[in-house]
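Input: one structure, supplied below.
What follows is calculated from the coordinates using simple rules that are stated; it is not laboratory data. Everything quoted here is computed from the prediction, not taken from an experiment.
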């Protein structure tokens with residue numbers, strides 16, 4: 001397994017989200033969606049790192065992260081997560097988003113250079 005910063009950060013976000021959300025009972029559909037989204041994000045990043053349709057997997061990860069951020073905001077508004085946790089999750093999501101965006105830009109530059 002390649003332990004890139006993107007993988008490490010995504011793995012960490014997934015782990016803390018699962019740990020935080022699994023024990024509660026209120027708003028179960030949102031909790032399940034956040035957990036599923038975090039796991040799906042980790043799946044997409046893992047596949048991208050291992051060259052399984054890297055560009056498409058990264059685009060999917062970027063989209064999943066976008067929806068995950070919306071769901072995190074809703075979880076904060078509904079008091080499923082406290083402010084400290086929300087800010088920490090948001091910071092982790094921002095870091096992951098910058099890494100995904102940077103990798104996508106690099107792939108786009110490489111594709112343009114080939115043409």
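When only C-alpha pairs under 8 Å and at least 6 residues apart count, what is the relative contact order of the chain, in percent?
Working: 90 pairs, mean separation 34.4, N = 115.
Here the relative contact order equals 30 percent.
Would you mind telling me which residue in 73, 90, 23 has the biggest mean-square fluctuation in a Gaussian network model of the chain, where springs connect alpha carbons within a distance under 10 angstrom?
23
Still on this model: Divide the volume of the convex hull of the Cα atoms of region 49-115 by its number of residues and quote the answer in cubic angstrom per residue. Each step should come with its number before you reach the end.
Values: hull volume 5.5 nm³, N = 67.
With only Cα atoms used, region 49-115 gives 82 Å³ per residue.
Measure nothing but the geometry: give the 0 to 90° angle between the long axis through the Cα atoms of 5-21 and the longest principal axis through the Cα atoms of the chain, rounded to 10°.
20
Could you pull the Cα extents of the chain along its three principal axes, largest to smallest, in whole Å?
Per principal axis, max minus min of the Cα coordinates gives 52, 24, 21 Å.
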